[in-house]
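Peer 1: Sending over a structure as C-alpha coordinates; questions will come in a sec.
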Amino acid sequence: MLLNRFVLAIKNQSRETLRAWSYQCESIFAQRSRRIQQLLTFYQSVYGTQGLKQLWRAYYRRELHPPLRGMVLSAVGLIGLNIKRLGGDGFDWNQERLALSNFDLCRRDIEFINTLPHNQLCQRCQAKKMKYCYCQLGNLRCRKSQTKATPSAPTKKDADAGASANICDRSLDINVRDAPAGTVCIQSQDEHEWEPYFSKNEFSIWRREERSSMYSYKVYARYDDVTADDFLHVQTDLDYRRQWDDTALRLELISEDPVPGSNSHLIYWEMQWPRLFANRDYVYCRRFIKDDKKNFIFICNRNATHSKYPALPGKVRVTDYWSLMVIKPFRGFQEPGLHFVLTYYDDPGIPIPQNIKSWVTQKQMPDFLTKMYLATKNYSYSRAIKMKDMFNGFALINDEYTANAQRGSWLGSLSRLPKTTGDSKSER
(Lines give C-alpha, C1' and ligand atoms only; values in the text may rest on other atoms or scores of the structure.)
Protein backbone atom coordinates (compact mmCIF):
# COMPACT_ATOMS: atom_id res chain seq x y z
CA MET A 1 0.00 0.00 0.00
CA LEU A 2 2.76 2.43 0.88
CA LEU A 3 4.57 1.59 -2.36
CA ASN A 4 1.44 2.36 -4.37
CA ARG A 5 1.10 5.66 -2.59
CA PHE A 6 4.73 6.44 -3.31
CA VAL A 7 4.40 5.65 -7.04
CA LEU A 8 1.19 7.66 -7.24
CA ALA A 9 2.82 10.60 -5.51
CA ILE A 10 5.72 10.50 -7.97
CA LYS A 11 3.30 10.61 -10.87
CA ASN A 12 1.07 13.31 -9.43
CA GLN A 13 3.83 15.50 -8.01
CA SER A 14 6.60 15.08 -10.60
CA ARG A 15 6.67 18.82 -11.05
CA GLU A 16 7.25 19.36 -7.35
CA THR A 17 9.96 16.67 -7.40
CA LEU A 18 11.79 18.37 -10.23
CA ARG A 19 11.41 21.75 -8.54
CA ALA A 20 12.84 20.44 -5.26
CA TRP A 21 15.72 18.73 -7.04
CA SER A 22 16.61 21.84 -9.03
CA TYR A 23 16.40 23.98 -5.91
CA GLN A 24 18.75 21.59 -4.13
CA CYS A 25 21.29 21.82 -6.96
CA GLU A 26 21.00 25.60 -7.09
CA SER A 27 21.59 25.86 -3.35
CA ILE A 28 24.72 23.71 -3.50
CA PHE A 29 26.03 25.53 -6.58
CA ALA A 30 25.36 28.94 -5.02
CA GLN A 31 27.19 28.07 -1.83
CA ARG A 32 30.18 26.57 -3.67
CA SER A 33 30.38 29.61 -5.95
CA ARG A 34 30.27 31.94 -2.97
CA ARG A 35 33.04 30.01 -1.24
CA ILE A 36 35.21 30.05 -4.38
CA GLN A 37 34.67 33.78 -4.79
CA GLN A 38 35.64 34.40 -1.18
CA LEU A 39 38.79 32.30 -1.54
CA LEU A 40 39.83 34.03 -4.77
CA THR A 41 39.29 37.44 -3.19
CA PHE A 42 41.23 36.37 -0.11
CA TYR A 43 44.25 35.02 -2.02
CA GLN A 44 44.30 38.01 -4.37
CA SER A 45 44.31 40.39 -1.40
CA VAL A 46 47.09 38.48 0.33
CA TYR A 47 49.36 37.50 -2.57
CA GLY A 48 48.38 39.99 -5.27
CA THR A 49 47.35 39.31 -8.84
CA GLN A 50 50.73 37.89 -9.91
CA GLY A 51 50.94 35.62 -6.88
CA LEU A 52 47.42 34.35 -7.53
CA LYS A 53 48.35 33.53 -11.13
CA GLN A 54 51.45 31.64 -10.01
CA LEU A 55 49.39 29.73 -7.44
CA TRP A 56 46.86 28.74 -10.10
CA ARG A 57 49.57 27.69 -12.55
CA ALA A 58 51.22 25.50 -9.90
CA TYR A 59 47.90 23.90 -8.98
CA TYR A 60 46.97 23.35 -12.62
CA ARG A 61 50.29 21.77 -13.51
CA ARG A 62 50.26 19.54 -10.46
CA GLU A 63 46.61 18.50 -10.20
CA LEU A 64 44.68 19.31 -13.37
CA HIS A 65 47.19 18.98 -16.19
CA PRO A 66 46.10 16.03 -18.38
CA PRO A 67 48.75 13.31 -18.15
CA LEU A 68 48.18 12.14 -21.71
CA ARG A 69 48.01 15.54 -23.30
CA GLY A 70 50.86 14.90 -25.68
CA MET A 71 49.24 11.69 -26.91
CA VAL A 72 45.88 13.37 -27.40
CA LEU A 73 47.23 16.38 -29.25
CA SER A 74 49.44 14.14 -31.40
CA ALA A 75 51.89 15.76 -33.79
CA VAL A 76 50.06 19.10 -33.98
CA GLY A 77 50.06 19.43 -30.21
CA LEU A 78 53.72 18.56 -29.94
CA ILE A 79 54.64 21.15 -32.54
CA GLY A 80 52.60 23.74 -30.67
CA LEU A 81 54.29 22.77 -27.39
CA ASN A 82 57.74 23.13 -28.94
CA ILE A 83 56.82 26.54 -30.30
CA LYS A 84 55.67 27.55 -26.85
CA ARG A 85 58.92 26.40 -25.31
CA LEU A 86 60.77 28.51 -27.82
CA GLY A 87 58.62 31.36 -26.61
CA GLY A 88 56.01 33.08 -28.69
CA ASP A 89 58.41 35.99 -29.01
CA GLY A 90 61.32 33.85 -30.25
CA PHE A 91 63.18 33.32 -26.94
CA ASP A 92 64.60 29.80 -26.78
CA TRP A 93 64.32 28.66 -23.19
CA ASN A 94 65.96 25.33 -23.98
CA GLN A 95 69.16 27.17 -24.87
CA GLU A 96 68.95 30.18 -22.53
CA ARG A 97 67.71 28.65 -19.29
CA LEU A 98 70.06 29.19 -16.34
CA ALA A 99 71.75 25.97 -15.21
CA LEU A 100 71.10 24.48 -11.80
CA SER A 101 74.86 24.02 -11.46
CA ASN A 102 75.12 27.80 -10.94
CA PHE A 103 73.83 27.30 -7.43
CA ASP A 104 76.85 25.13 -6.67
CA LEU A 105 78.79 28.42 -6.56
CA CYS A 106 76.94 29.10 -3.29
CA ARG A 107 78.61 26.23 -1.39
CA ARG A 108 80.95 28.56 0.50
CA ASP A 109 78.10 30.95 1.27
CA ILE A 110 76.11 28.12 2.84
CA GLU A 111 79.13 27.02 4.82
CA PHE A 112 79.66 30.62 5.94
CA ILE A 113 76.09 30.88 7.24
CA ASN A 114 76.26 27.52 8.98
CA THR A 115 79.52 28.40 10.76
CA LEU A 116 78.60 31.94 11.82
CA PRO A 117 78.54 31.07 15.55
CA HIS A 118 82.25 30.13 15.28
CA ASN A 119 83.28 32.90 12.89
CA GLN A 120 86.63 34.53 13.65
CA LEU A 121 88.09 37.67 12.10
CA CYS A 122 91.29 37.57 10.11
CA GLN A 123 93.83 40.39 10.40
CA ARG A 124 92.49 42.26 7.38
CA CYS A 125 88.91 42.06 8.61
CA GLN A 126 90.02 43.28 12.02
CA ALA A 127 91.77 46.24 10.40
CA LYS A 128 88.59 47.08 8.47
CA LYS A 129 86.49 46.65 11.65
CA MET A 130 84.29 44.03 10.02
CA LYS A 131 81.65 42.17 12.00
CA TYR A 132 82.37 38.86 10.27
CA CYS A 133 85.12 37.36 8.16
CA TYR A 134 84.48 35.65 4.84
CA CYS A 135 88.11 35.62 3.72
CA GLN A 136 89.27 32.55 5.63
CA LEU A 137 86.54 30.38 4.14
CA GLY A 138 86.05 32.07 0.79
CA ASN A 139 89.74 32.10 -0.13
CA LEU A 140 90.38 28.41 0.44
CA ARG A 141 91.72 26.86 -2.74
CA CYS A 142 90.01 23.85 -4.26
CA ARG A 143 92.24 21.10 -5.64
CA LYS A 144 91.50 21.09 -9.35
CA SER A 145 93.41 17.90 -10.22
CA GLN A 146 95.20 15.06 -8.55
CA THR A 147 98.42 15.77 -10.48
CA LYS A 148 98.84 19.24 -9.05
CA ALA A 149 102.13 19.61 -7.24
CA THR A 150 102.00 20.23 -3.52
CA PRO A 151 104.68 21.95 -1.40
CA SER A 152 107.07 19.77 0.49
CA ALA A 153 106.14 21.52 3.71
CA PRO A 154 102.38 22.02 3.69
CA THR A 155 101.15 25.17 5.38
CA LYS A 156 98.06 25.67 7.49
CA LYS A 157 96.31 27.16 4.47
CA ASP A 158 97.03 23.99 2.51
CA ALA A 159 95.59 21.92 5.33
CA ASP A 160 92.47 24.08 5.34
CA ALA A 161 92.22 23.64 1.58
CA GLY A 162 92.35 19.88 2.01
CA ALA A 163 89.63 20.06 4.65
CA SER A 164 87.57 22.19 2.30
CA ALA A 165 88.04 19.94 -0.74
CA ASN A 166 84.77 18.11 -0.12
CA ILE A 167 82.93 21.44 -0.14
CA CYS A 168 84.46 22.27 -3.52
CA ASP A 169 83.94 18.90 -5.16
CA ARG A 170 80.44 17.87 -4.23
CA SER A 171 77.26 19.25 -5.75
CA LEU A 172 74.63 20.85 -3.56
CA ASP A 173 72.13 18.25 -4.77
CA ILE A 174 69.24 20.68 -4.63
CA ASN A 175 65.79 19.14 -4.29
CA VAL A 176 64.15 20.31 -7.54
CA ARG A 177 62.02 17.26 -8.47
CA ASP A 178 61.56 17.31 -12.25
CA ALA A 179 62.88 20.85 -12.88
CA PRO A 180 64.99 21.18 -16.06
CA ALA A 181 68.75 21.35 -15.54
CA GLY A 182 69.45 24.33 -17.82
CA THR A 183 72.56 25.14 -19.82
CA VAL A 184 73.71 28.75 -19.19
CA CYS A 185 76.44 29.07 -16.55
CA ILE A 186 77.91 32.01 -14.69
CA GLN A 187 81.62 32.60 -15.25
CA SER A 188 83.19 33.93 -12.07
CA GLN A 189 86.82 34.53 -11.15
CA ASP A 190 88.19 32.06 -8.61
CA GLU A 191 91.88 32.94 -8.86
CA HIS A 192 91.66 36.21 -6.95
CA GLU A 193 90.92 36.43 -3.26
CA TRP A 194 88.09 38.03 -1.36
CA GLU A 195 89.07 41.03 0.69
CA PRO A 196 87.09 43.00 3.30
CA TYR A 197 85.56 46.16 1.90
CA PHE A 198 83.43 47.79 4.60
CA SER A 199 80.79 47.12 7.23
CA LYS A 200 77.75 49.36 7.58
CA ASN A 201 74.77 48.87 9.89
CA GLU A 202 73.72 45.23 9.47
CA PHE A 203 75.67 44.76 6.23
CA SER A 204 79.10 43.19 5.84
CA ILE A 205 80.59 43.55 2.34
CA TRP A 206 83.63 41.93 0.75
CA ARG A 207 84.93 42.29 -2.79
CA ARG A 208 87.02 40.31 -5.28
CA GLU A 209 88.68 41.50 -8.46
CA GLU A 210 87.14 39.87 -11.53
CA ARG A 211 89.08 41.87 -14.10
CA SER A 212 91.35 44.88 -13.98
CA SER A 213 89.65 47.37 -11.62
CA MET A 214 86.36 45.46 -11.93
CA TYR A 215 85.09 43.83 -8.74
CA SER A 216 82.39 41.45 -7.68
CA TYR A 217 80.86 42.07 -4.26
CA LYS A 218 79.51 39.81 -1.55
CA VAL A 219 77.00 41.09 1.01
CA TYR A 220 75.89 39.37 4.18
CA ALA A 221 73.03 40.49 6.46
CA ARG A 222 70.46 39.02 8.78
CA TYR A 223 66.92 40.15 9.50
CA ASP A 224 65.11 39.00 12.62
CA ASP A 225 61.57 40.17 11.87
CA VAL A 226 60.77 39.14 8.27
CA THR A 227 60.09 35.72 6.81
CA ALA A 228 62.00 34.07 3.97
CA ASP A 229 58.81 33.62 1.93
CA ASP A 230 57.99 37.32 2.14
CA PHE A 231 61.60 38.25 1.34
CA LEU A 232 61.46 36.06 -1.77
CA HIS A 233 58.11 37.48 -2.83
CA VAL A 234 59.31 41.07 -2.59
CA GLN A 235 62.23 40.27 -4.89
CA THR A 236 60.26 38.31 -7.49
CA ASP A 237 57.02 40.32 -7.64
CA LEU A 238 57.70 42.90 -10.35
CA ASP A 239 54.43 44.74 -9.76
CA TYR A 240 55.25 45.29 -6.10
CA ARG A 241 58.85 46.27 -6.84
CA ARG A 242 57.63 49.13 -9.02
CA GLN A 243 56.00 50.50 -5.88
CA TRP A 244 58.94 50.41 -3.49
CA ASP A 245 61.98 50.76 -5.81
CA ASP A 246 62.02 54.34 -7.08
CA THR A 247 65.15 53.65 -9.17
CA ALA A 248 63.31 51.10 -11.35
CA LEU A 249 62.00 53.31 -14.13
CA ARG A 250 60.89 50.31 -16.19
CA LEU A 251 60.45 46.76 -15.03
CA GLU A 252 58.74 44.38 -17.44
CA LEU A 253 58.29 40.63 -17.67
CA ILE A 254 59.32 39.67 -21.21
CA SER A 255 58.86 35.92 -21.09
CA GLU A 256 58.23 33.08 -18.65
CA ASP A 257 59.61 29.58 -18.98
CA PRO A 258 56.66 27.27 -19.76
CA VAL A 259 58.35 24.18 -18.31
CA PRO A 260 56.83 23.33 -14.90
CA GLY A 261 59.17 23.78 -11.94
CA SER A 262 61.71 25.90 -13.83
CA ASN A 263 60.83 29.18 -12.05
CA SER A 264 62.63 31.10 -14.80
CA HIS A 265 61.74 34.54 -16.13
CA LEU A 266 63.18 36.94 -18.70
CA ILE A 267 63.01 40.54 -17.46
CA TYR A 268 63.74 44.02 -18.77
CA TRP A 269 64.91 46.55 -16.18
CA GLU A 270 65.85 50.21 -16.59
CA MET A 271 67.69 51.66 -13.61
CA GLN A 272 67.91 55.35 -12.87
CA TRP A 273 71.41 56.71 -12.40
CA PRO A 274 72.48 60.06 -10.92
CA ARG A 275 72.53 63.19 -13.00
CA LEU A 276 75.24 63.55 -15.63
CA PHE A 277 75.10 59.77 -16.15
CA ALA A 278 72.94 57.86 -18.60
CA ASN A 279 70.50 55.33 -17.18
CA ARG A 280 71.47 51.66 -17.26
CA ASP A 281 69.14 49.03 -18.63
CA TYR A 282 69.29 45.27 -18.42
CA VAL A 283 67.78 42.26 -20.13
CA TYR A 284 68.39 39.39 -17.77
CA CYS A 285 67.21 35.89 -16.97
CA ARG A 286 66.19 35.09 -13.42
CA ARG A 287 65.74 31.71 -11.81
CA PHE A 288 64.93 30.81 -8.22
CA ILE A 289 64.76 27.50 -6.37
CA LYS A 290 63.15 26.78 -3.02
CA ASP A 291 64.57 23.68 -1.38
CA ASP A 292 62.21 22.55 1.38
CA LYS A 293 64.46 19.72 2.54
CA LYS A 294 67.64 21.77 2.96
CA ASN A 295 65.68 24.84 4.08
CA PHE A 296 67.33 27.19 1.56
CA ILE A 297 66.18 29.57 -1.17
CA PHE A 298 68.46 30.28 -4.14
CA ILE A 299 68.09 33.15 -6.63
CA CYS A 300 70.25 33.49 -9.74
CA ASN A 301 70.35 36.32 -12.32
CA ARG A 302 72.40 36.68 -15.47
CA ASN A 303 72.39 39.00 -18.46
CA ALA A 304 70.61 37.81 -21.62
CA THR A 305 69.47 39.20 -24.97
CA HIS A 306 66.13 39.56 -26.70
CA SER A 307 65.35 40.73 -30.20
CA LYS A 308 62.42 42.91 -29.10
CA TYR A 309 64.51 44.71 -26.47
CA PRO A 310 67.61 46.03 -28.28
CA ALA A 311 70.01 48.59 -26.87
CA LEU A 312 68.52 52.09 -27.13
CA PRO A 313 70.27 55.44 -27.63
CA GLY A 314 70.51 57.47 -24.46
CA LYS A 315 70.81 54.36 -22.27
CA VAL A 316 73.78 52.13 -21.52
CA ARG A 317 72.96 48.46 -21.96
CA VAL A 318 74.69 46.32 -19.31
CA THR A 319 75.83 43.15 -21.06
CA ASP A 320 77.93 41.61 -18.29
CA TYR A 321 75.91 41.12 -15.13
CA TRP A 322 75.24 38.25 -12.76
CA SER A 323 74.16 37.73 -9.17
CA LEU A 324 73.57 34.87 -6.74
CA MET A 325 71.62 34.99 -3.50
CA VAL A 326 71.25 32.42 -0.74
CA ILE A 327 68.46 32.85 1.80
CA LYS A 328 68.53 30.74 4.95
CA PRO A 329 65.61 31.08 7.41
CA PHE A 330 66.27 30.64 11.11
CA ARG A 331 63.59 27.94 11.30
CA GLY A 332 60.88 27.75 8.62
CA PHE A 333 60.14 29.74 5.49
CA GLN A 334 57.05 31.31 7.07
CA GLU A 335 58.64 32.13 10.42
CA PRO A 336 60.46 35.41 11.14
CA GLY A 337 64.23 35.50 10.88
CA LEU A 338 66.67 34.87 8.04
CA HIS A 339 70.26 35.11 6.84
CA PHE A 340 71.17 35.99 3.30
CA VAL A 341 74.34 36.24 1.24
CA LEU A 342 74.22 38.20 -2.02
CA THR A 343 77.06 37.96 -4.55
CA TYR A 344 76.89 40.16 -7.62
CA TYR A 345 78.98 41.51 -10.47
CA ASP A 346 77.99 44.41 -12.70
CA ASP A 347 80.06 45.87 -15.52
CA PRO A 348 78.60 49.37 -16.13
CA GLY A 349 79.71 49.26 -19.74
CA ILE A 350 81.88 52.38 -19.85
CA PRO A 351 84.85 53.55 -17.77
CA ILE A 352 83.67 55.15 -14.53
CA PRO A 353 85.86 56.94 -11.98
CA GLN A 354 86.70 54.86 -8.96
CA ASN A 355 85.05 57.31 -6.57
CA ILE A 356 81.74 56.87 -8.41
CA LYS A 357 82.09 53.09 -8.19
CA SER A 358 82.76 53.38 -4.48
CA TRP A 359 79.73 55.61 -4.07
CA VAL A 360 77.50 53.10 -5.85
CA THR A 361 78.78 50.22 -3.73
CA GLN A 362 78.98 51.96 -0.36
CA LYS A 363 75.76 53.94 -0.58
CA GLN A 364 73.46 52.73 -3.31
CA MET A 365 73.68 49.00 -2.57
CA PRO A 366 73.07 49.28 1.22
CA ASP A 367 70.28 51.78 0.55
CA PHE A 368 68.67 49.43 -1.95
CA LEU A 369 68.86 46.46 0.44
CA THR A 370 67.44 48.61 3.23
CA LYS A 371 64.52 49.65 1.02
CA MET A 372 63.97 46.01 0.13
CA TYR A 373 63.92 45.10 3.82
CA LEU A 374 61.41 47.86 4.62
CA ALA A 375 59.30 46.80 1.65
CA THR A 376 59.28 43.25 3.03
CA LYS A 377 58.15 44.49 6.43
CA ASN A 378 55.39 46.59 4.84
CA TYR A 379 54.31 43.65 2.72
CA SER A 380 54.22 41.34 5.77
CA TYR A 381 52.23 43.88 7.76
CA SER A 382 49.71 44.60 4.99
CA ARG A 383 49.31 40.88 4.34
CA ALA A 384 48.59 40.24 8.02
CA ILE A 385 46.00 43.04 8.07
CA LYS A 386 44.32 41.72 4.93
CA MET A 387 44.25 38.19 6.31
CA LYS A 388 42.65 39.42 9.53
CA ASP A 389 40.03 41.45 7.66
CA MET A 390 39.28 38.62 5.27
CA PHE A 391 38.86 36.06 8.04
CA ASN A 392 36.59 38.43 9.94
CA GLY A 393 34.61 39.01 6.75
CA PHE A 394 34.08 35.37 5.97
CA ALA A 395 30.43 34.40 6.37
CA LEU A 396 30.77 30.72 7.03
CA ILE A 397 27.50 28.94 6.54
CA ASN A 398 27.20 26.00 8.90
CA ASP A 399 23.44 25.58 8.76
CA GLU A 400 21.82 22.96 6.62
CA TYR A 401 20.63 23.93 3.19
CA THR A 402 17.10 25.20 3.12
CA ALA A 403 16.59 22.80 0.27
CA ASN A 404 17.26 19.94 2.68
CA ALA A 405 14.44 21.09 4.89
CA GLN A 406 12.13 21.35 1.91
CA ARG A 407 13.19 17.95 0.67
CA GLY A 408 12.64 16.40 4.08
CA SER A 409 9.23 17.93 4.48
CA TRP A 410 8.25 16.77 0.99
CA LEU A 411 9.41 13.17 1.63
CA GLY A 412 7.61 13.19 4.95
CA SER A 413 4.44 14.33 3.27
CA LEU A 414 4.41 11.18 1.14
CA SER A 415 3.41 9.06 4.10
CA ARG A 416 0.68 11.56 5.00
CA LEU A 417 -0.97 11.78 1.59
CA PRO A 418 -4.81 11.76 1.73
CA LYS A 419 -6.38 8.56 0.65
CA THR A 420 -7.98 8.36 -2.73
CA THR A 421 -11.75 8.20 -3.17
CA GLY A 422 -11.63 4.51 -4.10
CA ASP A 423 -9.72 3.62 -0.97
CA SER A 424 -12.06 5.57 1.21
CA LYS A 425 -15.10 3.89 -0.27
CA SER A 426 -13.62 0.44 0.22
CA GLU A 427 -12.89 1.22 3.86
CA ARG A 428 -16.45 2.26 4.30
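The values are calculated or read from the model by the stated rules, or taken from the named source; none is laboratory data. Remember, predicted model here, so these are calculated numbers, not experimental data. When we count neighbours, we look across all protein chains shown, and the Cβ atoms used for this are built from the backbone with ideal geometry, even at glycine. Protein only, heavy atoms only, side chains kept; ligands, DNA and RNA dropped before computing areas. Shrake-Rupley method; radii C 1.70, N 1.55, O 1.52, S 1.80 Å.
Peer 1: Simple spin-label model, 7 Å along Cα-to-Cβ: Glu252 to Ile28 in nm?
Peer 2: 4.9
Peer 1: Further question on the same structure: Can you bin the range 184-323 into rounded, prolate or oblate? Criterion: square roots of the alpha carbon gyration tensor eigenvalues sorted a ≥ b ≥ c, rounded for a/c under 1.5, prolate for a/b above b/c, oblate for the rest.
Peer 2: rounded
Peer 1: Here's a follow-up. Which order do you get for Ile289, Ile36 if you rank them by accessible area with a 1.4 Å probe, largest at the top?
Peer 2: Ile36, Ile289
Peer 1: For Gln272 and Asp225, FRET efficiency with R0 = 22 Å and r from the beta-carbon atoms, rounded to 0.05? Don't skip to the end; give the middle numbers.
Peer 2: Details: r = 29 Å, r/R0 = 1.32.
Using R0 = 22 Å, I get an efficiency of 0.15.
Peer 1: A follow-up question, please. For a quick protection proxy, order the peptides 273-281, 335-343, 218-226 by their average other-Cβ count within 10 Å, most packed first.
Peer 2: Values: 273-281: 12.9, 335-343: 19.6, 218-226: 17.6.
So the order, starting with the most tightly packed, is 335-343, 218-226, 273-281.
Peer 1: Run the quick spin-label model on Lys293 and Ser188: label points 7 Å from Cα toward the beta carbon, then report their separation in nm to one decimal.
Peer 2: 2.3
Peer 1: Still on this structure: So for the pair Met387, Glu202, with labels modelled 7 Å out along Cα→Cβ, what separation do we get in nm?
Peer 2: Between Met387 and Glu202, the label points sit 1.9 nm apart.
Peer 1: Let me ask you something else. Let's test the formula: R0 of 51 Å, r as the Cβ-Cβ distance of Ile352 and Arg19. What FRET efficiency results, to the nearest 0.05?
Peer 2: Values: r = 79 Å, r/R0 = 1.55.
Once the sixth-power term is evaluated, E becomes 0.05.
Peer 1: If you don't mind, there's one more thing I want to ask. With a sphere of radius 12 Å drawn around the Cβ of Asn175, what net charge do the other residues whose Cβ falls strictly inside it have (Lys, Arg +1; Asp, Glu -1)?
Peer 2: Around Asn175, the charge tally is 0.
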